[in-house]
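Visitor: Here you go, one structure.
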Amino acid sequence: GESVGLHLPTLSVQEGDNSIINCAYSNSASDYFIWYKQESGKGPQFIIDIRSNMDKRQGQRVTVLLNKTVKHLSLQIAATQPGDSAVYFCAERGGGADGLTFGKGTHLIIQP
Amino acid sequence: DAGITQSPRHKVTETGTPVTLRCHQTENHRYMYWYRQDPGHGLRLIHYSYGVKDTDKGEVSDGYSVSRSKTEDFLLTLESATSSQTSVYFCAISESAAEPEAFFGQGTRLTVV
């Protein structure tokens, strides 16, 4: 079946720099995309979402960009902090209640 | 985590034994989900529920059953555990079909030996 994936398994950035985490998806019928953050030993934590009729959405220090032409999703984190170290997952939903399809995750490492 | 409790948090069981994991929520959300998380696979949906006694299968439902007799509880049962079911299991809830699973539990680490 179609799946959501990530370009890089690990991303290392300097504290204070901006981080960009990418995600490629293949299901053109998906109408809802979500980014989650997962810290070690914890469940995924909702960060931000975006619907397919949008191309950009901003939250506190985070921005999600959606490019439906190339089926690409990205999460930008501004002024990365040590607390941002985690695994980040993108996920998509087809519009119904039948759950999410998750990517495999990107491990974000913050260098001091 | 936002009124979701999973129990047990850790369990070791033998192959062939039945195992039941419990998810309890205090948010009164209609939708509840069970996922498993394995290295290299991310999270995969096992079963979900859209109301009391209303459940449906997800991507990896073989070997699992679920029950929801009350809004607040969603049980996942492995009728006869196998080593391939060693995983971390997460419960999630959402208020409506239009919203994502905004809240996840802390997870249950299950080891089948």
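The rows are residues; the columns are (1) open to solvent by less than 50 Å² (accessible area, probe 1.4 Å); (2) on the phi > 0 side of the Ramachandran plot.
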position: A:Asn27; (1), (2): yes, no
position: A:Ile50; (1), (2): yes, no
position: A:Gln60; (1), (2): no, no
position: A:Thr63; (1), (2): yes, no
position: A:Lys71; (1), (2): no, yes
position: A:Ser74; (1), (2): yes, no
position: A:Thr106; (1), (2): yes, no
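Visitor: Just checking, does segment B:22-36 include any residue being free of Cβ contacts under 8 Å to residues at least 40 places away in the same chain and either facing chain A (nearest Cβ under 9 Å) or farther than 30 Å from A:Thr10 by Cβ (or both)?
Guide: The initial filter retains those residues of segment B:22-36 that are free of Cβ contacts under 8 Å to residues at least 40 places away in the same chain, namely none.
The answer is no, given that none of the residues of segment B:22-36 is free of Cβ contacts under 8 Å to residues at least 40 places away in the same chain and either facing chain A (nearest Cβ under 9 Å) or farther than 30 Å from A:Thr10 by Cβ (or both).
Visitor: Is it the case that A:Gly99 is under 26 Å from B:Gln37 (Cα atoms) and open to solvent by less than 10 Å² (accessible area, probe 1.4 Å)? Reasoning before the result, please.
Guide: Working: under 26 Å from B:Gln37 (Cα atoms): yes; open to solvent by less than 10 Å² (accessible area, probe 1.4 Å): yes.
Against the criterion (under 26 Å from B:Gln37 (Cα atoms) and open to solvent by less than 10 Å² (accessible area, probe 1.4 Å)), A:Gly99 qualifies.
Visitor: Which number in (1) touching a residue at least 60 places away in the same chain (Cβ under 8 Å); (2) open to solvent by 80 Å² or more (accessible area, probe 1.4 Å) marks the one condition that B:Ser7 misses?
Guide: (2)
Visitor: Any idea which of (1) at pLDDT 95 or above; (2) within 11 Å of chain B (Cβ to nearest Cβ) is the one A:Gly1 doesn't satisfy?
Guide: Status for A:Gly1: all satisfied but (1).
Visitor: Residues A:Cys23, A:Cys90: which one is within 13 Å of chain B (Cβ to nearest Cβ), more than 21 Å from B:Phe103 (Cα to Cα) and not in a loop (DSSP other than H, G, I, E, B)? Steps first, answer last, please.
Guide: Details: A:Cys90 fails: more than 21 Å from B:Phe103 (Cα to Cα).
Answer to the check: A:Cys23.
Here is a yes/no grid of residues against (1) within 11 Å of another protein chain (Cβ to nearest Cβ); (2) modelled with pLDDT of 95 or more; (3) outside any strand (DSSP E or B):
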site	(1), (2), (3)
A:Ser28	no, no, yes
A:Gly43	yes, no, yes
A:Phe46	yes, no, no
A:Met54	no, yes, yes
A:Arg57	no, yes, no
A:Gln60	no, no, yes
A:Thr63	no, yes, no
A:Leu66	no, yes, no
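The values are calculated or read from the model by the stated rules, or taken from the named source; none is laboratory data. Being a predicted model, the structure only gives us computed values, none of them experimental. Neighbour counts run over all protein chains shown; Cβ positions are idealised from the backbone, glycine included. The protein model used for the area step is the full one, side chains on, heavy atoms only, and it has no ligands, DNA or RNA in it. Shrake-Rupley method; radii C 1.70, N 1.55, O 1.52, S 1.80 Å.
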